[in-house]
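Novice: Let me give you the structure first, and then I'll get to my questions.
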Amino acid sequence: MAVQQIARTAPGLPQPIGLSHAFSGDHAWCREKMMLADELAGGVALATFFEDGGFERAIDRYTEVTKGTDRRAVVSMWSLYYFAGISIPYLLARRLAGQVLPVAFDEMTIALTEDGLPRAFGVSHRGMIGEETSGDEFSVVGPLMAGHLNVAVERLKRCGLSAKLLWNNAAVYIDYTLRLTDSDGCGRSAPDLPLFVRGCLPDGGPNPLCGSVRQVEEDGQMIQRRKLCCLRYMLPGVASCGNRCALPSQRNPQ
């Protein structure tokens, strides 16, 4: 299948509602999470946001909202919104529409909510369409990891969080979306996905997602359990993630 870049107003090509044809039906909410940068109100270049104090101000604001006393926990919780907003729309477009969105870190913008959380991301164009939707997990997720997540993790870990915890925060949304769009019908009952089992990436480098999420059986149900806790229990009023939590003491808090 030929691969071509989709221009903003390419003649002869049906334009999707929103950034991708995948952003429809149950996934229509993605239209508000990822869009063309010139349509994103309040967008700021990601590189500028992280280097010129925007990130610190966002965390200060979110700290006020959560009343958190440990900045690491606040940043970890903030990063969950960040990774969800990047990973889920990207993978839905890739798996459902064969569309590779341009998510290189230095070419994107971000807009925030009043609470300081990531509200939406802006991309420079509609990306490439025509890729096979059933590619292996490494080829599907690889551009996202190499072009964006590697850089984002480096920026976020400056607040004292480990890279392993941050990759685990990203992993839960990658695992969720891959299972949601599993073309062989196995869905969430499938065994651990190869992306989270193999220690090396196709290029021979270490796989930062290895071991971060695994399938476990509990009370007759298969669930995806994190390797490392996201620290949400340190924030007042934030609900536990239940039996998915890495810490036994936090799976069913009283």
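The values are calculated or read from the model by the stated rules, or taken from the named source; none is laboratory data. Here the structure is a predicted model, which is why all the values come from computation and not from measurement. Cβ atoms come from the backbone with ideal geometry, glycine included; neighbour counts cover every protein chain shown.
Novice: Between residues in the range 194-206 that are closer than 10 Å to PHE138 by Cβ and residues that are among the hydroxyl-bearing types (Ser, Thr, Tyr) and modelled with pLDDT under 95, which pairs lie under 8 Å by C-beta distance while being six or more apart or on different chains?
Specialist: PRO202/SER139
Novice: A follow-up question, please. Quick one: in the range 58-93, of everything that is of a type in the set (S, T, N, Q) and over 30 Å from GLU131 (Cα atoms), which residue is surrounded by the fewest Cβ atoms within 10 Å (Cβ to Cβ)?
Specialist: THR69
Novice: Restricting the range 206-220 to residues that are surrounded by fewer than 10 Cβ atoms within 10 Å (Cβ to Cβ) and not charged (D, E, K, R), which is nearest to the chain's Cα centre (by Cα)?
Specialist: Only one residue fits best here, namely PRO206.
Novice: Still on this structure: Among the residues of the range 106-117, count how many are touching a Phe, Trp or Tyr at 6+ places or on another chain (Cβ under 9 Å), free of Cβ contacts under 8 Å to residues at least 60 places away in the same chain and closer than 18 Å to VAL153 by Cα.
Specialist: Summing the residues that are touching a Phe, Trp or Tyr at 6+ places or on another chain (Cβ under 9 Å), free of Cβ contacts under 8 Å to residues at least 60 places away in the same chain and closer than 18 Å to VAL153 by Cα in the range 106-117 gives 1.
Every residue, every condition in (1) part of a loop (DSSP other than H, G, I, E, B); (2) more than 16 Å from the chain's Cα centre (by Cα); (3) acidic (Asp, Glu), yes or no:
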residue	(1), (2), (3)
PRO102	yes, no, no
ASP115	yes, yes, yes
ARG119	no, no, no
GLY122	no, no, no
HIS125	yes, yes, no
GLY135	yes, yes, no
VAL140	no, no, no
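Novice: Considering the range 40-62 alone, what residues qualify as being among the hydroxyl-bearing types (Ser, Thr, Tyr) and either touching a residue at least 40 places away in the same chain (Cβ under 8 Å) or assigned to a loop (DSSP other than H, G, I, E, B) (or both)?
Specialist: TYR62 - this is the single residue of the range 40-62 that is among the hydroxyl-bearing types (Ser, Thr, Tyr) and either touching a residue at least 40 places away in the same chain (Cβ under 8 Å) or assigned to a loop (DSSP other than H, G, I, E, B) (or both).
Novice: Which ones in the range 65-88 are of a type outside the set (A, V, I, L, M, F, W, C) and more than 19 Å from VAL44 (Cβ to Cβ)?
Specialist: THR66, LYS67, GLY68, THR69, ASP70, ARG71, ARG72, SER76, SER87
Novice: Just to check your reading of the model, which residue among LEU19, LEU40 is over 22 Å from VAL141 (Cα atoms) and hydrophobic (A, V, I, L, M, F, W, C)?
Specialist: Testing whether each residue is over 22 Å from VAL141 (Cα atoms) and hydrophobic (A, V, I, L, M, F, W, C) leaves just LEU40.
Novice: Select from the range 228-254 the residues that are in contact (Cβ under 8 Å) with a residue 60 or more places away in the chain and of a type in the set (Lys, Arg) and write down the one among them that is farthest from LEU156 (Cα to Cα).
Specialist: So the residue we want is ARG244.
Novice: Of ALA10, ALA2, ALA28, ALA22, which residue is buried (at least 19 other Cβ atoms within 10 Å of the Cβ) and either modelled with pLDDT under 95 or within 17 Å of ARG95 (Cα to Cα) (or both)?
Specialist: Matching residue, one of ALA10, ALA2, ALA28, ALA22: ALA22.
Novice: Filter the range 168-211 for residues that are small (Gly, Ala, Ser) and either within 21 Å of PRO89 (Cα to Cα) or not in a loop (DSSP other than H, G, I, E, B) (or both); which is modelled with the lowest pLDDT?
Specialist: Applying the filter and picking the extreme gives GLY185.
Novice: A follow-up question, please. Can you report the number of residues in the range 115-145 which are at positive phi and surrounded by fewer than 21 Cβ atoms within 10 Å (Cβ to Cβ)?
Specialist: Adding up the residues that qualify gives 1.
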